[in-house]
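The values are calculated or read from the model by the stated rules, or taken from the named source; none is laboratory data. Source: prediction; values computed, not measured. Note: ideal-geometry Cβ built from the backbone for every residue, glycine included; neighbour counts use all protein chains shown.
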Amino acid sequence: MAGKLIIGNWKMNTRAGTAQALVQSLLADPVCNQPWVAVAAPAVYLAPLAGSLNQHALQLGAQDVSAFAKDGAFTGEVSAAMLQDIGCRYVLVGHSERRQYFAETNPALLAKMNNTLAAGMVPVLCVGETLEQREQGGYLDVIFQQLSILGEVGDGEYVIAYEPVWAIGTGKVASLEQIAEIHTAIKTWCLQNAKPSANIRVLYGGSVKAENAESILMTENVDGALVGGASLDAGSFRMICQAAGKLI
Ligand code: 13P
(Lines give C-alpha, C1' and ligand atoms only; values in the text may rest on other atoms or scores of the structure.)
Protein backbone atom coordinates (compact mmCIF):
# COMPACT_ATOMS: atom_id res chain seq x y z
CA MET A 1 0.00 0.00 0.00
CA ALA A 2 1.37 3.38 -0.96
CA GLY A 3 1.92 6.13 1.57
CA LYS A 4 2.87 6.13 5.21
CA LEU A 5 0.59 6.22 8.26
CA ILE A 6 1.60 8.40 11.21
CA ILE A 7 -0.22 8.04 14.54
CA GLY A 8 0.57 10.17 17.57
CA ASN A 9 -0.04 8.40 20.90
CA TRP A 10 -0.50 11.07 23.52
CA LYS A 11 -0.71 8.47 26.34
CA MET A 12 -1.88 9.98 29.69
CA ASN A 13 -0.92 13.54 28.81
CA THR A 14 -2.59 16.89 28.04
CA ARG A 15 -5.59 18.70 29.55
CA ALA A 16 -8.72 19.83 27.73
CA GLY A 17 -7.07 23.12 26.75
CA THR A 18 -3.68 21.76 25.70
CA ALA A 19 -5.28 18.89 23.77
CA GLN A 20 -7.40 21.37 21.81
CA ALA A 21 -4.43 23.67 21.24
CA LEU A 22 -2.35 20.79 19.91
CA VAL A 23 -5.10 19.67 17.55
CA GLN A 24 -5.69 23.23 16.39
CA SER A 25 -2.01 23.62 15.47
CA LEU A 26 -2.10 20.33 13.54
CA LEU A 27 -5.31 21.35 11.76
CA ALA A 28 -3.84 24.68 10.75
CA ASP A 29 -0.89 22.93 9.11
CA PRO A 30 -1.42 21.21 5.74
CA VAL A 31 1.61 19.01 6.45
CA CYS A 32 -0.24 17.43 9.40
CA ASN A 33 -3.90 17.81 8.44
CA GLN A 34 -3.85 14.71 6.25
CA PRO A 35 -5.96 11.54 6.13
CA TRP A 36 -2.84 9.46 6.82
CA VAL A 37 -2.15 11.27 10.11
CA ALA A 38 -3.99 10.49 13.36
CA VAL A 39 -3.79 11.39 17.04
CA ALA A 40 -4.72 8.93 19.80
CA ALA A 41 -5.91 11.14 22.64
CA PRO A 42 -6.98 10.31 26.21
CA ALA A 43 -10.54 8.94 26.32
CA VAL A 44 -12.09 11.95 28.08
CA TYR A 45 -10.91 14.34 25.36
CA LEU A 46 -11.98 12.26 22.36
CA ALA A 47 -15.49 13.66 22.01
CA PRO A 48 -14.54 17.36 22.08
CA LEU A 49 -11.58 16.70 19.77
CA ALA A 50 -13.84 14.82 17.37
CA GLY A 51 -15.95 17.98 17.20
CA SER A 52 -12.90 20.02 16.20
CA LEU A 53 -11.78 17.43 13.64
CA ASN A 54 -15.17 17.26 11.95
CA GLN A 55 -14.79 18.00 8.21
CA HIS A 56 -11.00 17.80 8.47
CA ALA A 57 -8.64 15.17 7.08
CA LEU A 58 -6.74 14.56 10.35
CA GLN A 59 -7.99 11.36 12.01
CA LEU A 60 -8.76 10.49 15.62
CA GLY A 61 -7.75 7.39 17.54
CA ALA A 62 -8.39 5.92 20.99
CA GLN A 63 -5.68 4.40 23.17
CA ASP A 64 -7.77 1.47 24.37
CA VAL A 65 -11.22 -0.10 24.08
CA SER A 66 -13.30 -2.45 26.16
CA ALA A 67 -13.04 -6.21 25.61
CA PHE A 68 -16.81 -6.27 26.25
CA ALA A 69 -18.81 -5.82 23.09
CA LYS A 70 -22.33 -5.16 24.35
CA ASP A 71 -23.56 -2.30 26.50
CA GLY A 72 -24.10 -3.26 30.10
CA ALA A 73 -22.86 -3.28 33.65
CA PHE A 74 -19.13 -2.79 32.99
CA THR A 75 -18.26 0.20 35.16
CA GLY A 76 -15.50 2.38 33.79
CA GLU A 77 -15.41 0.78 30.35
CA VAL A 78 -15.61 2.51 26.96
CA SER A 79 -16.95 0.31 24.17
CA ALA A 80 -15.94 0.15 20.53
CA ALA A 81 -19.44 1.28 19.57
CA MET A 82 -18.99 4.42 21.71
CA LEU A 83 -15.63 5.23 20.12
CA GLN A 84 -17.06 4.74 16.65
CA ASP A 85 -20.11 6.82 17.59
CA ILE A 86 -18.01 9.90 18.35
CA GLY A 87 -15.82 9.57 15.26
CA CYS A 88 -12.71 7.52 16.09
CA ARG A 89 -11.03 5.73 13.21
CA TYR A 90 -8.14 3.97 14.98
CA VAL A 91 -7.91 2.10 18.29
CA LEU A 92 -4.62 1.08 19.88
CA VAL A 93 -4.82 -2.49 21.15
CA GLY A 94 -2.31 -4.12 23.50
CA HIS A 95 0.16 -1.28 23.87
CA SER A 96 3.10 -2.56 25.94
CA GLU A 97 2.13 -0.18 28.75
CA ARG A 98 -1.28 -1.88 28.92
CA ARG A 99 0.33 -5.30 28.82
CA GLN A 100 2.75 -4.26 31.59
CA TYR A 101 0.56 -2.23 33.95
CA PHE A 102 -2.87 -3.76 33.29
CA ALA A 103 -1.87 -7.37 32.66
CA GLU A 104 -3.49 -7.44 29.24
CA THR A 105 -3.03 -10.77 27.47
CA ASN A 106 -4.07 -12.37 24.22
CA PRO A 107 -7.67 -13.44 25.00
CA ALA A 108 -8.73 -9.90 25.98
CA LEU A 109 -6.71 -8.40 23.12
CA LEU A 110 -8.42 -10.67 20.61
CA ALA A 111 -11.80 -9.47 21.89
CA LYS A 112 -10.63 -5.85 21.63
CA MET A 113 -9.43 -6.39 18.05
CA ASN A 114 -12.70 -7.99 17.01
CA ASN A 115 -14.86 -5.40 18.78
CA THR A 116 -12.95 -2.63 17.03
CA LEU A 117 -13.31 -4.27 13.61
CA ALA A 118 -17.00 -5.04 14.18
CA ALA A 119 -17.58 -1.36 14.97
CA GLY A 120 -15.98 -0.38 11.65
CA MET A 121 -12.73 1.04 13.04
CA VAL A 122 -9.11 0.07 12.46
CA PRO A 123 -7.33 -1.68 15.35
CA VAL A 124 -3.61 -1.03 15.81
CA LEU A 125 -2.18 -4.12 17.50
CA CYS A 126 1.03 -3.22 19.35
CA VAL A 127 3.72 -5.88 19.71
CA GLY A 128 7.30 -5.83 20.90
CA GLU A 129 9.87 -7.51 23.10
CA THR A 130 11.46 -6.37 26.36
CA LEU A 131 15.21 -5.84 26.64
CA GLU A 132 15.53 -9.10 28.55
CA GLN A 133 13.69 -11.00 25.83
CA ARG A 134 15.91 -9.45 23.17
CA GLU A 135 19.06 -10.29 25.06
CA GLN A 136 17.92 -13.88 25.57
CA GLY A 137 17.51 -14.15 21.80
CA GLY A 138 13.90 -15.38 21.63
CA TYR A 139 12.45 -12.05 20.61
CA LEU A 140 10.92 -13.26 17.34
CA ASP A 141 8.97 -15.94 19.19
CA VAL A 142 7.68 -13.32 21.62
CA ILE A 143 6.41 -11.24 18.71
CA PHE A 144 4.89 -14.23 16.91
CA GLN A 145 3.09 -15.19 20.12
CA GLN A 146 1.66 -11.66 20.36
CA LEU A 147 0.66 -11.83 16.68
CA SER A 148 -0.96 -15.23 17.07
CA ILE A 149 -4.39 -13.71 17.80
CA LEU A 150 -4.49 -12.45 14.22
CA GLY A 151 -5.29 -15.98 13.08
CA GLU A 152 -8.66 -15.56 14.84
CA VAL A 153 -9.37 -11.95 14.00
CA GLY A 154 -12.20 -11.22 11.60
CA ASP A 155 -11.71 -9.76 8.14
CA GLY A 156 -10.91 -6.12 7.67
CA GLU A 157 -8.25 -3.48 7.77
CA TYR A 158 -5.87 -3.49 10.68
CA VAL A 159 -2.46 -2.18 11.58
CA ILE A 160 0.41 -3.70 13.53
CA ALA A 161 2.81 -1.49 15.46
CA TYR A 162 6.21 -2.93 16.31
CA GLU A 163 7.35 -1.17 19.46
CA PRO A 164 10.36 -2.69 21.19
CA VAL A 165 9.70 -2.03 24.88
CA TRP A 166 13.32 -1.04 25.44
CA ALA A 167 13.00 1.76 22.87
CA ILE A 168 9.80 3.32 24.26
CA GLY A 169 10.37 6.65 25.97
CA THR A 170 14.04 5.82 26.47
CA GLY A 171 15.58 7.76 23.61
CA LYS A 172 17.11 4.43 22.48
CA VAL A 173 15.90 3.76 18.99
CA ALA A 174 16.20 0.34 17.40
CA SER A 175 18.78 0.23 14.61
CA LEU A 176 17.51 0.26 11.04
CA GLU A 177 18.75 -3.34 10.67
CA GLN A 178 16.81 -4.40 13.77
CA ILE A 179 13.69 -2.63 12.50
CA ALA A 180 13.98 -4.17 9.01
CA GLU A 181 14.49 -7.65 10.49
CA ILE A 182 11.37 -7.51 12.65
CA HIS A 183 9.14 -5.76 10.13
CA THR A 184 10.04 -8.29 7.46
CA ALA A 185 9.42 -11.14 9.92
CA ILE A 186 6.03 -9.67 10.86
CA LYS A 187 4.97 -9.32 7.22
CA THR A 188 6.11 -12.84 6.38
CA TRP A 189 4.28 -14.20 9.43
CA CYS A 190 1.11 -12.34 8.38
CA LEU A 191 1.27 -13.67 4.82
CA GLN A 192 1.40 -17.19 6.21
CA ASN A 193 -1.00 -16.87 9.13
CA ALA A 194 -3.36 -13.92 8.86
CA LYS A 195 -6.50 -13.86 6.74
CA PRO A 196 -5.55 -13.45 3.06
CA SER A 197 -8.04 -10.61 2.75
CA ALA A 198 -6.48 -8.75 5.66
CA ASN A 199 -5.03 -5.46 4.64
CA ILE A 200 -2.02 -5.04 6.93
CA ARG A 201 0.37 -2.16 7.53
CA VAL A 202 3.27 -2.38 9.97
CA LEU A 203 4.31 0.76 11.87
CA TYR A 204 7.45 1.28 13.95
CA GLY A 205 7.26 2.91 17.39
CA GLY A 206 9.90 3.69 19.99
CA SER A 207 11.68 7.04 20.29
CA VAL A 208 10.68 8.21 16.81
CA LYS A 209 11.75 11.86 16.60
CA ALA A 210 12.07 14.56 13.97
CA GLU A 211 15.76 13.65 13.55
CA ASN A 212 15.33 9.92 12.89
CA ALA A 213 11.88 9.78 11.28
CA GLU A 214 12.97 9.88 7.66
CA SER A 215 15.53 7.08 7.88
CA ILE A 216 13.10 4.88 9.86
CA LEU A 217 10.26 5.55 7.43
CA MET A 218 12.50 4.67 4.49
CA THR A 219 13.43 1.31 6.02
CA GLU A 220 12.23 -1.85 4.32
CA ASN A 221 8.68 -2.89 5.27
CA VAL A 222 8.06 0.16 7.48
CA ASP A 223 4.63 1.55 6.58
CA GLY A 224 4.57 4.35 9.12
CA ALA A 225 5.24 5.32 12.71
CA LEU A 226 3.52 5.28 16.10
CA VAL A 227 4.92 8.31 17.88
CA GLY A 228 4.78 8.87 21.64
CA GLY A 229 6.66 11.77 23.23
CA ALA A 230 7.34 13.66 20.00
CA SER A 231 3.62 13.75 19.16
CA LEU A 232 3.00 16.07 22.12
CA ASP A 233 4.98 18.82 20.46
CA ALA A 234 3.34 20.21 17.32
CA GLY A 235 6.68 21.25 15.82
CA SER A 236 8.29 17.82 16.27
CA PHE A 237 5.20 15.98 15.09
CA ARG A 238 5.05 18.26 12.05
CA MET A 239 8.60 17.31 11.07
CA ILE A 240 7.75 13.61 11.35
CA CYS A 241 4.65 14.13 9.16
CA GLN A 242 6.77 16.11 6.72
CA ALA A 243 9.25 13.22 6.44
CA ALA A 244 6.34 10.85 5.79
CA GLY A 245 4.76 13.20 3.25
CA LYS A 246 7.93 13.20 1.18
CA LEU A 247 7.71 9.43 0.81
CA ILE A 248 4.19 9.32 -0.59
P1 13P B 1 7.99 7.21 22.49
O2 13P B 1 7.89 7.74 21.07
O3 13P B 1 7.79 8.26 23.53
O4 13P B 1 9.20 6.38 22.68
O5 13P B 1 6.73 6.22 22.67
C6 13P B 1 6.48 5.25 21.73
C7 13P B 1 5.15 4.67 22.00
O8 13P B 1 4.96 3.98 22.98
C9 13P B 1 4.06 4.99 21.08
O10 13P B 1 2.95 4.20 21.31
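Checked against (1) in contact with a strand residue (DSSP E or B) (Cβ under 7 Å, 6 or more places away or on another chain); (2) within 13 Å of the ligand (Cβ to nearest atom), Pro164 passes all but a single condition, namely (1). Selection of first residues in region 70-98 that are under 17 Å from Cys126 (Cβ atoms) and of second residues that are at pLDDT below 95 and more than 16 Å from the ligand (Cβ to nearest atom), restricted to Cβ pairs under 6 Å at least 6 apart or on distinct chains, gives an empty result. For region 70-83, state whether one or more residues are under 25 Å from Asp233 (Cβ atoms) and either surrounded by fewer than 21 Cβ atoms within 10 Å (Cβ to Cβ) or modelled with pLDDT under 95 (or both). There is no residue in region 70-83 that is under 25 Å from Asp233 (Cβ atoms) and either surrounded by fewer than 21 Cβ atoms within 10 Å (Cβ to Cβ) or modelled with pLDDT under 95 (or both). In region 177-196, the residue that is farthest from the ligand (Cβ to nearest atom) out of those that are under 19 Å from the mean Cα position of the chain (by Cα) and among the aliphatic types (A, V, I, L, M) is Ala194.
In region 199-213, the residue that is farthest from Ser175 (Cα to Cα) out of those that are outside any loop (DSSP other than H, G, I, E, B) and not β-branched (Val, Ile, Thr) is Asn199. In region 103-132, the qualifying residues are those that are under 18 Å from Leu150 (Cα atoms), in contact (Cβ under 8 Å) with a residue 12 or more places away in the chain and in a loop (DSSP other than H, G, I, E, B), and the one that is nearest to the ligand (Cβ to nearest atom) is Gly128.
Please determine whether any residue of region 197-209 is within 16 Å of the ligand (Cβ to nearest atom), over 15 Å from the mean Cα position of the chain (by Cα) and surrounded by fewer than 21 Cβ atoms within 10 Å (Cβ to Cβ).
yes
Of the residues Tyr162, Tyr139, the single one that is surrounded by 21 or more Cβ atoms within 10 Å (Cβ to Cβ) and farther than 21 Å from Ala62 by Cα is Tyr139.
Does Leu150 meet the test of being in contact with a Cys (Cβ under 8 Å, 6 or more places away or on another chain) and either part of a helix (DSSP H, G or I) or charged (D, E, K, R) (or both)? So Leu150 fits the description; yes. Going by what's in this entry, would Gly154 be described as surrounded by fewer than 18 Cβ atoms within 10 Å (Cβ to Cβ), more than 13 Å from the ligand (Cβ to nearest atom) and under 19 Å from Gly94 (Cβ atoms)? Taking the combined requirement at face value, the residue satisfies it. Can you confirm whether region 4-15 contains a residue that is touching a Ser or Thr at 6+ places or on another chain (Cβ under 8 Å), closer than 22 Å to Cys126 by Cβ, of a type in the set (D, E, K, R) and surrounded by 14 or more Cβ atoms within 10 Å (Cβ to Cβ)? No: region 4-15 contains no residue that is touching a Ser or Thr at 6+ places or on another chain (Cβ under 8 Å), closer than 22 Å to Cys126 by Cβ, of a type in the set (D, E, K, R) and surrounded by 14 or more Cβ atoms within 10 Å (Cβ to Cβ).
Residues are listed down the side, and each one gets a yes or a no for (1) within 16 Å of the ligand (Cβ to nearest atom); (2) touching a Ser or Thr at 6+ places or on another chain (Cβ under 6 Å); (3) within 25 Å of Arg201 (Cβ to Cβ):
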site: Ala21; (1), (2), (3): no, no, no
site: Leu26; (1), (2), (3): no, no, yes
site: Cys32; (1), (2), (3): no, no, yes
site: Ala41; (1), (2), (3): yes, no, yes
site: Ala47; (1), (2), (3): no, no, no
site: Asp64; (1), (2), (3): yes, no, yes
site: Ala73; (1), (2), (3): no, no, no
site: Gly76; (1), (2), (3): no, no, no
site: Val91; (1), (2), (3): yes, yes, yes
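Residue count for region 209-248, restricted to those that are at pLDDT below 95 and either among the polar types (S, T, N, Q) or out of contact with any helix residue (DSSP H, G or I) (no Cβ under 7 Å at 6 or more places or on another chain) (or both): 2.
Please verify whether region 167-176 includes one or more residues that are of a type in the set (Ser, Thr, Tyr), more than 13 Å from the ligand (Cβ to nearest atom) and either part of a helix (DSSP H, G or I) or under 15 Å from the mean Cα position of the chain (by Cα) (or both).
no
Confirm whether Val227 is within 11 Å of the ligand (Cβ to nearest atom) and either closer than 19 Å to Val122 by Cβ or touching a Cys at 6+ places or on another chain (Cβ under 9 Å) (or both).
yes
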